[in-house]
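What follows is a set of notes on a single structure, which appears directly below.
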Amino acid sequence: MARIQELFVTHVYREELQRGATSALMAELLDAAHEIAAADRAGQGWSKANDYPGYTSYASLNDLPDRHPAFADLVAVLDRQVAAFGRTLEFDLDGRRLVLDSLWINVLKPGGYHTAHIHPHSVISGTLYLAVPKDASAIKYEDPRLAMLMAAPPKKPSAKDKNRTFVSVAPAPGTLLLWESWLRHEVPVNHAKAERVSVSFNYRLD
């Protein structure tokens, strides 16, 4: 009988932080994100100048854990989750560690979107969702082999996730998603009538 061997698996790690010991932290982070966004004139200016559909602290603030204790607590949570993901990926770190490189707030307005991209110079990237209104966009991941599929026919609508060319993952408030930073992803148009609030980050090899 023929045997199928699955090779070169792409992993996306998901944890729900809205429950258990981290549930209170989610509410604190949402309040902190709104507070920082309202005060960050440089970030507001950068977002406007670069046609960002809402607000991001990506280009203006690199010290969120020092600005608010909720973000310092978040880093401790992320460190544990990223370490667990690294073990799943069977990284040989040779005594080194995966450490936080950057952490930023995203407030995506209705009608906003993020075009497809990767996160260069990082090992693991991720997003924690703090506010996910009804009809908010899911994150969409792209098969990293897409450019080499050439004459491959399209996949059936009923195809399993592992066989699809694109896979959308719908988050809820408190959803944490991690992936390897080379994995191309995008956020389609936000059809919600309210803002979607998230915190994104990168980890590098120390």
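The values are calculated or read from the model by the stated rules, or taken from the named source; none is laboratory data. Only a predicted model underlies this, so the values are computations on that prediction, with no experimental measurement involved. We place every Cβ from the backbone using ideal geometry, glycine too, and count neighbours over all the protein chains shown. Surface accessibility is based on the protein's heavy atoms, side chains included, excluding ligands, DNA and RNA. Shrake-Rupley method; radii C 1.70, N 1.55, O 1.52, S 1.80 Å.
Kindly check whether there is at least one residue in the range 66-85 that is assigned to a loop (DSSP other than H, G, I, E, B) and touching a strand residue (DSSP E or B) at 6+ places or on another chain (Cβ under 7 Å). So that I can check it myself, show each step before the final result.
Looking only at the range 66-85, we keep the residues that are assigned to a loop (DSSP other than H, G, I, E, B), and these are 68.
After this cut, where a residue has to be touching a strand residue (DSSP E or B) at 6+ places or on another chain (Cβ under 7 Å) as well, the list is none.
So far as the range 66-85 goes, no, none of its residues is assigned to a loop (DSSP other than H, G, I, E, B) and touching a strand residue (DSSP E or B) at 6+ places or on another chain (Cβ under 7 Å).
Conditions first: (1) open to solvent by 20 Å² or more (accessible area, probe 1.4 Å); (2) under 25 Å from residue 139 (Cα atoms); (3) touching a strand residue (DSSP E or B) at 6+ places or on another chain (Cβ under 9 Å); (4) among the aliphatic types (A, V, I, L, M). Residue 49 passes all but one, so which condition is the exception?
Residue 49 satisfies every listed condition except (3).
Determine if the range 44-51 includes at least one residue that is among the small types (Gly, Ala, Ser) and part of a loop (DSSP other than H, G, I, E, B).
To start, the set of residues in the range 44-51 that are among the small types (Gly, Ala, Ser) comprises 45, 47, 49.
Still in the list and also part of a loop (DSSP other than H, G, I, E, B): none.
Scanning the range 44-51 turns up no residue that is among the small types (Gly, Ala, Ser) and part of a loop (DSSP other than H, G, I, E, B).
Kindly list, by first and then second residue, each pair from a residue in the range 90-113 that is more than 30 Å from residue 46 (Cα to Cα) to a residue that is acidic (Asp, Glu), limited to pairs with Cβ atoms under 8 Å and residues at least 6 apart or on different chains.
96/206; 97/206
If a residue must be under 13 Å from the mean Cα position of the chain (by Cα) and either under 15 Å from residue 85 (Cα atoms) or at pLDDT below 95 (or both), how many such residues does the range 188-206 contain?
Residues meeting the conditions: 3.
Just one of the numbered conditions (1) in contact (Cβ under 8 Å) with a residue 60 or more places away in the chain; (2) over 24 Å from residue 28 (Cα atoms); (3) surrounded by 11 or more Cβ atoms within 10 Å (Cβ to Cβ); (4) out of contact with any Gly (no Cβ under 6 Å at 6 or more places or on another chain) is not true of residue 136; which one?
(2)
Just to verify a result, which residue in the range 22-46, among those that are open to solvent by less than 40 Å² (accessible area, probe 1.4 Å) and within 17 Å of the chain's Cα centre (by Cα), is farthest from residue 75 (Cα to Cα)?
So the residue we want is 33.
Restricting attention to the range 149-175, which residues are touching a residue at least 40 places away in the same chain (Cβ under 8 Å) and open to solvent by 100 Å² or more (accessible area, probe 1.4 Å)?
Once the filter is applied, which keeps residues that are touching a residue at least 40 places away in the same chain (Cβ under 8 Å) and open to solvent by 100 Å² or more (accessible area, probe 1.4 Å), the range 149-175 yields only 162.
Assuming residue 12 fulfils every condition listed in (1) farther than 18 Å from residue 198 by Cβ; (2) aliphatic (A, V, I, L, M); (3) buried (at least 17 other Cβ atoms within 10 Å of the Cβ) apart from one, which condition is it?
Here residue 12 meets the rest and fails (1).
Residues of the range 65-82 being open to solvent by 40 Å² or more (accessible area, probe 1.4 Å) and hydrophobic (A, V, I, L, M, F, W, C), which ones?
The answer is 72, 76.
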